[in-house]
1. Using mean Cβ contacts within 10 Å as the protection proxy, how do 72-81, 52-61 order, highest first?
2. Cβ neighbours within 10 Å, averaged per peptide: list 91-100, 36-45 in order, most packed at the top.
3. Mind scanning Lys60/Lys133; Lys32/Lys87; Lys32/Lys81; Lys71/Lys127 and naming the pairs with a C-alpha gap bigger than 22 Å?
Amino acid sequence: MFELDIEMLKEQGLQLVDTAKKTAQDLADKGKNQLDLMNQQARLSRAQRQLGALVYSLHKAGEENQPLVDKYIEAVAEVEKAIEEIKTNMSPEEYMAAEAEAAAEDAAAEDEEEIEEEPVQLRGETKICPVCKAEVDGDALFCNHCGAQL
Ligand SMILES: [Zn+2]
């Protein structure tokens, strides 16, 4: 004798739906953390590059602009804090996956550099400071002239 247990099937069906929903949500969260991390890491390397370029150009010109340097240091520290927060929110598996992805990207970037034969561009994209209208580096976080946040 075979009896179809409708209630049990329904329950299992619901469980399947729940599991699917949960997995999709997990994946979405995972993707978001990794995306946030990648965005923040890109911001961090941009800010660090800008800070380095600023300190170097100030040094070369024999000038000082500690307030502007401080702004960059503060911005770098903020991004570092945001990265730590994202990492704290990640599960160890997510963290490992993100690290592996970053390592793979670094390797890919290195490969690209080796292939590249074009001379390195000294001037990248620039933008105009909305406050003092000075031309500044496209990646600059603050105006080199007036210190306004860009
Ligand atoms: Zn300005």
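Every read-out reported here was derived from the displayed coordinates using simple, explicitly stated rules and does not represent laboratory data. Note that the structure is a prediction, hence the values are computed from the model and not measured. Cβ atoms come from the backbone with ideal geometry, glycine included; neighbour counts cover every protein chain shown.
1. Going by the mean number of other Cβ atoms within 10 Å, highest first, we get 72-81, 52-61.
2. My ranking of the peptides, most packed first, is 36-45, 91-100.
3. Distance filter (> 22 Å) returns Lys60/Lys133.
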